[in-house]
Amino acid sequence: MSMTEVRRWRRRGGRAEQPMVPQAEFTSYYGRPVLNPPVWEARDIAGYFFLGGLAGGSSLLAAGADLTGRPGLSRVAKTGAIGAGLVSMAALIHDLGKPARFLNMMRVFKVTSPMSVGTWLLSAYVPAAGVAAASALTGRLPRLGAVATAGAAALGPGVAAYTAALISDTAVPAWHDGYQEMPFVFTGSAATAAGGLGLLAAPSGEAGPARSLALLGVAVELAAFERMTRRIGMTAEPYETGRGGAYLRAAKALAGAGAAGAALSGTVPAGRVRRAVAAVSGAALLGASAATRFGIFHAGMESARDPKYTVIPQRQRLDERATAKAEEGPVAAGQLPQMPPA
């Protein structure tokens with residue numbers, strides 16, 4: 001160190017130099033997204049998520065209605081299942097652009113691909129739901145209708161939940177990070193929608209299973225969603241802000257109102273008042289399920305557009321792994337421990 005440098009150091013009181021550059025913050029290249037968001041239309045794909053859940057849940061409700069001798073509820077559930085299944089398939093094909101692209105996905109079956117599994121599930125489910133509904137509405141071929149009802153009910157949970165696996169298998173942060181709870185959120189939302197349809201359209205005297213299914217669905221959906229947002233940390237921000245947050249706040253309000261109305265409808269004496277309360281609560285539950293799917297869709301898109309939701313959690317995970325590795329010591333790193341001298 002030269003004498004000039006020594007004098008400068010002494011004038012500073014012998015203190016080391018302080019950094020003059022502030023701590024760097026993450027920004028992407030020209031602020032552009034790190035990920036390319038999926039090229040999905042909300043109307044098609046979020047609607048596809050909702051209608052698929054409604055179809056799968058309704059098939060389960062229809063099977064339960066048949067077992068407990070509720071023909072009115074059975075007809076409503078089976079009609080809702082085939083209607084929602086057909087429209088959901090139409091929405092998927094519309095998003096793909098050409099029907100041939102849907103058929104091309106059926107050339108192979110890949111267990112590791114949620115899209116491949118979902119395509120085959122939907123292709124098997126819709127015919128079964130159609131036969132079940134046709135038999136219920138016409139009264140013909142009851143044995144075939146019973147077999148079709150059982151088949152649709154067996155495939156229904158897969159149809160309701162596979163879209164959760166589909167979005168969790170992407171790189172979209174808000175979807176991928178929630179992979180543990182997302183199937184429970186979608187399954188609960190499907191039960192909410194199916195129960196809401198039963199309350200809305202079935203005879204009030206036969207709506208008991210629909211009421212129970214709706215209340216169970218609301219409880220599972222809200223509990224799973226709350227656990228997911230707490231676990232994934234900052235990646236959950238798009239579920240609370242922006243367009244996705246607005247949809248999800250509406251979904252919670254509608255679910256709460258619908259659940260309260262559904263519980264109340266079971267205590268009101270039979271008549272027009274019970275029918276009105278059940279119908280209003282059923283409509284609220286259907287709206288809650290749809291708002292949940294649209295909210296999750298828009299929140300995922302927002303997380304893909306903002307690079308911080310991709311990079312910051314990755315850096316946090318790398319830091320956590322480095323800290324854990326350092327705490328494990330040299331043996332965990334594959335090195336032999338030092339032996340004490342003899």
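The values are calculated or read from the model by the stated rules, or taken from the named source; none is laboratory data. It should be emphasised that the depicted structure is a prediction, and the values quoted were computed from it without experimental measurement. Heads up, the Cβs are rebuilt from the backbone with ideal geometry, glycines too, and the neighbour counts pull from every protein chain shown.
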Of the listed residues (Leu254, Leu264), the one being of a type in the set (A, V, I, L, M), closer than 23 Å to Ala191 by Cα and modelled with pLDDT under 90 is Leu264
Filtering region 232-264 for residues that are out of contact with any Gly (no Cβ under 8 Å at 6 or more places or on another chain) and not in a helix (DSSP H, G or I) leaves a count of 2
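Got at least one residue in region 276-283 being touching a helix residue (DSSP H, G or I) at 6+ places or on another chain (Cβ under 8 Å) and more than 18 Å from Leu199 (Cα to Cα)? It would help to see each step written out before you state the result.
Keep residues of region 276-283 that are touching a helix residue (DSSP H, G or I) at 6+ places or on another chain (Cβ under 8 Å), which gives 277-283.
Adding the requirement that they be more than 18 Å from Leu199 (Cα to Cα) leaves none.
Among the residues of region 276-283, not one is touching a helix residue (DSSP H, G or I) at 6+ places or on another chain (Cβ under 8 Å) and more than 18 Å from Leu199 (Cα to Cα), which makes the answer no.
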When every residue in region 79-138 that is not charged (D, E, K, R) and not in a helix (DSSP H, G or I) is compared, the one nearest to Thr163 (Cα to Cα) is Ser113
Flagged pairs (Cβ under 7 angstrom, 6 or more apart or on separate chains; first in region 271-297, without any contact (Cβ under 8 Å) to a residue 24 or more places away in the chain and among the polar types (S, T, N, Q); second buried (at least 18 other Cβ atoms within 10 Å of the Cβ) and part of a helix (DSSP H, G or I)) are none
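Among residues belonging to region 35-46 that are among the aliphatic types (A, V, I, L, M) and in a helix (DSSP H, G or I), point out the one that is farthest from the chain's Cα centre (by Cα). Before you say what the answer is, go through the steps one by one.
From region 35-46, those among the aliphatic types (A, V, I, L, M) are 35, 39, 42, 45-46; that's our starting set.
Within this subset, residues satisfying the condition of being in a helix (DSSP H, G or I) are 42, 45-46.
Working: Ala42: 14, Ile45: 12, Ala46: 10 Å.
Checking each candidate, the answer is Ala42.
Can you pull out the helices (runs of 4 or more DSSP H) entirely within region 140-224 that have at least 3 residues that are buried (at least 21 other Cβ atoms within 10 Å of the Cβ), touching a residue at least 40 places away in the same chain (Cβ under 8 Å) and among the small types (Gly, Ala, Ser)?
Values: elements: 142-168, 173-176, 182-201.
So the answer is 142-168, 182-201.
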Out of (1) closer than 28 Å to Leu215 by Cα; (2) in contact (Cβ under 8 Å) with a residue 12 or more places away in the chain, the one Gly69 does not meet is (2)
Scanning region 243-256 residue by residue, the ones that are of a type outside the set (Phe, Trp, Tyr) and surrounded by 17 or more Cβ atoms within 10 Å (Cβ to Cβ) total 8
- Query: Out of all the residues in region 291-311, is one or more over 30 Å from Ala190 (Cβ atoms), at pLDDT below 80 and touching a Phe, Trp or Tyr at 6+ places or on another chain (Cβ under 8 Å)?
  - Reply: yes
For region 47-73, the count of residues that are over 22 Å from the mean Cα position of the chain (by Cα) and assigned to a helix (DSSP H, G or I) equals 9
Test result for Thr235, modelled with pLDDT under 95, of a type in the set (Val, Ile, Thr) and surrounded by 23 or more Cβ atoms within 10 Å (Cβ to Cβ): yes
### Residue check for Val76: at pLDDT below 90 and more than 21 Å from the chain's Cα centre (by Cα)
no
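Restricting to region 61-110, give me the number of residues that are touching a Phe, Trp or Tyr at 6+ places or on another chain (Cβ under 7 Å) and either of a type in the set (Ser, Thr, Tyr) or within 30 Å of Arg275 (Cα to Cα) (or both). Can you show your working first?
As a first pass, look at region 61-110 and keep what is touching a Phe, Trp or Tyr at 6+ places or on another chain (Cβ under 7 Å): 85, 88, 91-93, 95-96, 106, 109.
With either of a type in the set (Ser, Thr, Tyr) or within 30 Å of Arg275 (Cα to Cα) (or both) added as a condition, the list becomes 85, 88.
Counting residues in region 61-110 that are touching a Phe, Trp or Tyr at 6+ places or on another chain (Cβ under 7 Å) and either of a type in the set (Ser, Thr, Tyr) or within 30 Å of Arg275 (Cα to Cα) (or both) gives 2.
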* Asked: Somewhere in region 83-95, is a residue touching a helix residue (DSSP H, G or I) at 6+ places or on another chain (Cβ under 7 Å), closer than 21 Å to Pro183 by Cα and of a type in the set (D, E, K, R)?
  -> no
Checked against (1) closer than 29 Å to Pro71 by Cα; (2) within 19 Å of the chain's Cα centre (by Cα), Ala129 satisfies every condition except (2)
